[in-house]
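Inspection log for the structure reproduced underneath, given as C-alpha cells.
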Amino acid sequence: MTPIFEALQIRYQDLVARSGAPSLGEEFWESVRIFLEDARQAGRGLTDPGERALLRAYMRFLAVLLYEHGETPPPVELLPPERGRWVETPPVRRAEGGFPAWFWGLVGAAIMAVIAGLAAVLGAVGGYFAPQPTSLPVSPSPAMPVAASPMWTPTPGLTPSPVPTPLPTLPPSPTPVAPPAFGGLTIALGVLPTGEPILVGREFDWNTRAVYAIFDYTGMREGLPWSAVWTRNGREVARQAGFWDRGERGRAWVVYFNPDGTVLFGGDYGVSLYIGEQLQAESAFRIRYYIPRTPTP
C-alpha cells in the first residue's frame, strides 16, 4: 500500500464513521469536498489498479452523500497517472518453474514503497537535479601552412608611413555569479520522485501525519549552512539544519512529522528557509483541530 493511498484511506474511514451522526455540520461537508478533490489529484501518483479502483469507490460513495445533501457533487474521476510512471514490459513467456512474473512485479512495487517511506521518515532533503553540461573533446585539425611575410623594401626618395600601434586588448569581464537563493516554496501532503508536489494546499484535515515543503534552489555551493524552521501557533516546534551538499541548482524538499507516526496537532503552522542567517522563503498553513463526535443518546 502506497503512503498516499494509506493516508486517503484513513481519512475516508473517518468520514464514513462521522457520516452516521444524527446531524452533520458544515465542517463535515467541507471535509468531504476537500477529500474528493485531494483524491482526484492523488490519481497522478497512483498506478496500482487495485488502489485506483478502491479510491474511485470511496469517491463515489461520498459523492452520493453530497448529492443526498442537496449539492451537485464534483467530478469523481481520478486524474491519469503522471506520464512515465506506467512501466511497459515486454510479454513474458510462461516460465518452466519458479514464481510467475506478476509476483516479481509486486515485490518490486513493495521495495519502491519501502524506499519512499524511509526517505520520508528520515526527513532528508532530496531531489533530482539537472545534469551538468559536459565539454566535448575537440578533434585535432591539421596545421594550416603559414605564408611567409613579404619583405618590404623602401623606395629611394620616399619616406615610409608610420605603422599604427595596435590598441591593447582588454581582458573579458568575468561572468556574474548568481547569489545562493531558495524560492518557489510549496506546501503539500506528498511529493513525487521528480519533485512535483502532490495534494497542494494551505489547510489540511485533522488526521494529517506529514507535511512537505518543496522548494527550488540556485547558486548554491558545497558547505553553505542552511536550515528549515517549523513553527506552530508562533512557537518553534522543529528545526532541520546542516551544510549544503546537493549541487548548484535544482529542487529539494523537507518534511515535518511526529517520530511516533501519530497525527499532527491542530493549529496554525509556518515553515521558514534560511541560508546562513538570511531568510530566503517562508509559507504558512493550517491543520484543523480534532472535534470529537457527540455520542448518540
For this session: Determine whether residue 269 is more than 22 Å from residue 45 (Cα to Cα) and among the hydroxyl-bearing types (Ser, Thr, Tyr).
Result: yes
Problem set entry | Matching entry among 225, 292 (being at pLDDT below 90 and either of a type in the set (A, V, I, L, M) or surrounded by fewer than 15 Cβ atoms within 10 Å (Cβ to Cβ) (or both)) | 292
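Could we say that residue 284 is more than 26 Å from residue 32 (Cβ to Cβ), touching a strand residue (DSSP E or B) at 6+ places or on another chain (Cβ under 7 Å) and outside any loop (DSSP other than H, G, I, E, B) here?
no
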Problem set entry | Residue check, residue 191 touching a residue at least 60 places away in the same chain (Cβ under 8 Å) and of a type outside the set (Gly, Ala, Ser) | yes
Exercise. Across the range 179-233, which residue is nearest to residue 285 (Cα to Cα) among those that are small (Gly, Ala, Ser) and out of contact with any Gly (no Cβ under 9 Å at 6 or more places or on another chain)?
Worked result: 201
Exercise. Residues of the range 226-251 being out of contact with any Phe, Trp or Tyr (no Cβ under 6 Å at 6 or more places or on another chain) and of a type in the set (Gly, Ala, Ser), which ones?
Worked result: 228, 234, 241, 242
For this session: Give the range 248-267 a look and list any residue that's assigned to a loop (DSSP other than H, G, I, E, B) and touching a Gly at 6+ places or on another chain (Cβ under 9 Å), or say none.
Result: 248, 249
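The values are calculated or read from the model by the stated rules, or taken from the named source; none is laboratory data. Keep in mind the model is a prediction, meaning the values are calculated, not measured. Glycine also receives a Cβ, built like all others from the backbone with ideal geometry; neighbour counts cover every protein chain displayed.
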